[in-house]
Amino acid sequence: MDCLFCKILAGEIPSAKVYENQWVYAFRDINPQAPVHVLVIPKTHIASADGINAENSAAVAHIFEAIPEIAKVEGLVNGYRVITNCGEDGCQSVKHLHFHVLGGKKLPEKMG
Ligand code: 5GP
Ligand code: ZN
């Protein structure tokens with residue numbers, strides 16, 4: 001499959017790993033928007049938030065179980081932001097579900 005993040009999961013494209021378990025992989029964004037900018041992805045290919053359904057939603061639960069662990073190892077004791085961009089209007093550029101975890105500074109109040 002021609003998917004950038006599946007290639008990262010396969011080790012075909014290098015990435016800076018932050019966290020990994022059976023279901024989830026997390027790595028540093030190549031173009032960080034904050035002092036800490038981690039991408040958290042399911043090891044199964046789901047195209048976007050719009051592709052989540054009753055059959056695959058456990059992957060999302062695993063991601064949200066991993067996020068507090070990632071926040072801990074990254075030292076995000078003062079909080080952080082979790083974002084997923086979806087589709088054209090959401091400006092999603094990589095079509096493999098991913099959650100941005102941003103922190104390490106006070107983030108802008110507005111998001112839209
Ligand atoms: P999106 O715009 O789809 O929400 O987020 C995609 C993110 O992937 C962007 O923040 C972009 O910087 C990041 N990204 C794109 N290509 C690569 C890559 O090859 N390696 C890593 N680590 N991040 C990437
Ligand atoms: Zn993929």
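No value in this document is a laboratory result; all are computed from the given coordinates. Here the structure is a predicted model, which is why all the values come from computation and not from measurement. All Cβ positions, glycine included, derive from the backbone under ideal geometry; neighbour counts span all protein chains shown.
Restricted to segment 1-44, and to residues there that are within 13 Å of ligand 2 (Cβ to nearest atom), touching a Phe, Trp or Tyr at 6+ places or on another chain (Cβ under 8 Å) and in contact (Cβ under 8 Å) with a residue 40 or more places away in the chain, the residue that is farthest from P108 (Cα to Cα) is P42. Is it the case, given these coordinates, that V77 is over 13 Å from the mean Cα position of the chain (by Cα), without any contact (Cβ under 8 Å) to a residue 60 or more places away in the chain, away from ligand 2 (no atom under 16 Å from the Cβ) and more than 19 Å from A16 (Cβ to Cβ)? Yes: the conditions hold for V77.
The rows are residues; the columns are (1) under 13 Å from the mean Cα position of the chain (by Cα); (2) near ligand 1 (Cβ under 10 Å from one of its atoms); (3) farther than 24 Å from G103 by Cα; (4) part of a loop (DSSP other than H, G, I, E, B).
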residue: D2; (1), (2), (3), (4): no, no, yes, yes
residue: F5; (1), (2), (3), (4): yes, yes, no, no
residue: P14; (1), (2), (3), (4): no, yes, no, yes
residue: Q22; (1), (2), (3), (4): no, no, yes, yes
residue: A26; (1), (2), (3), (4): yes, no, no, no
residue: N31; (1), (2), (3), (4): no, yes, no, yes
residue: V38; (1), (2), (3), (4): yes, yes, no, no
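Within the set E109, E88, E65, E74, the sole residue that is charged (D, E, K, R) and either touching a Leu at 6+ places or on another chain (Cβ under 7 Å) or surrounded by 17 or more Cβ atoms within 10 Å (Cβ to Cβ) (or both) turns out to be E74.
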